[in-house]
1. Any chance you could tell me what percent of the C-alpha pair distances in the range 142-224 go past 22 Å?
2. Can you give the convex hull volume of the alpha carbon atoms of the range 57-124 per residue, in Å³?
3. Using Stokes-Einstein with the Kirkwood hydrodynamic radius over Cα pairs, what translational diffusion coefficient do you get for the range 180-257 at 25 °C and a viscosity of 0.890 mPa s, in µm²/s rounded to a whole number?
4. With bins 5 Å wide starting at 0, give me the P(r) of the range 1-111 over every alpha carbon pair, in whole percents.
5. Cα-based Rg of the chain per 2.2 N^0.38 Å, rounded to two decimals?
6. Taking the highest mean first, how do the peptides 174-182, 156-164, 100-108, 69-77 order by number of other beta carbon atoms within 10 angstrom per residue?
7. At q = 0.11, 0.20 Å⁻¹, work out log10 I(q)/I(0) for the range 138-282 with the Debye formula, treating every Cα as an identical point scatterer and leaving solvent out; two decimals please.
8. Roughly speaking, what is the centre-to-centre gap between the range 141-158 and the range 246-276 when only Cα atoms are used, to the nearest Å?
């Protein structure tokens, strides 16, 4: 068993990286993963996050178990029913849940179609593994931990798009269109999955009106060269943060070396949590 650098472990309660953690700004990452630690799991989720998870549960029922759409929605609803609107955005989040319920079946149906298209020709399609996969990089102390969504002839990551509240729209909601190209954080994530599974990458985006599939065959951003470059940048970010932790005398010193930007939209936390974050850097 590998022995990790204590200068890093003193700050990291979980000795691994993830693509999602590395793709957060350094200040937000430090607050969530070093200051809050396990408390970050209590941060409130918005409706989009909840329905994204619910969609995957529905898609699992269709892709992996061969269920029809009605049964797939039944598999998805427990996640939706457990959702509690964010305490600092109750009205907007409640309205989102009500609206998203009506379109959930359509998003699941399109996700199923997109996943099947991405994995056409697979003799076996597997869902998220029970045990994590790991990827290591030279000069990065901690490994990356990952759980791919689906694996067959390709490895697939499912992404969903949900409407935004818009008073100017007749329905009160504006459809978030499917992307013309995958976002860079998503490229980095699926490149990591591809490295771990040794399968070509595929990204499936689904919303209530359709789906879009990106693979290494139709998308330059997912070519082998692009994925290699994306992983190099991802590893570089982890390496830089490990260097910060090694250089810090203690946690207070570490936070002194990181400049916060609370004006960023990424700091989408409750007022109470934002006040606590500001105290960290006071």
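The numbers here are math on the coordinates, done by the rules we state, and not lab data. Keep in mind it's a predicted model, so treat the numbers as computed, not measured. Note: ideal-geometry Cβ built from the backbone for every residue, glycine included; neighbour counts use all protein chains shown.
1. Working: 1117 of 3403 pairs.
Taking all Cα-Cα pairs of the range 142-224, the fraction more than 22 Å apart is 33 percent.
2. Working: hull volume 6.2 nm³, N = 68.
Hull volume over Cα atoms, normalised by residue count, gives 91 Å³.
3. Working: Rh = 14.4 Å.
Value of D from the Cα-based Kirkwood radius: 171 µm²/s.
4. Going from the shortest bin to the longest, the percentages are 2, 11, 17, 15, 13, 14, 12, 9, 5, 3, 0.
5. On the way: Rg = 19.9 Å, N = 282, 2.2 N^0.38 = 18.8 Å.
With N residues counted in the chain, Rg over 2.2 N^0.38 Å equals 1.06.
6. On the way: 174-182: 14.2, 156-164: 22.2, 100-108: 19.3, 69-77: 17.0.
Per-residue Cβ counts within 10 Å, averaged per peptide and sorted highest first, yield 156-164, 100-108, 69-77, 174-182.
7. -0.63, -1.15
8. Their Cα centres are 29 Å away from one another.
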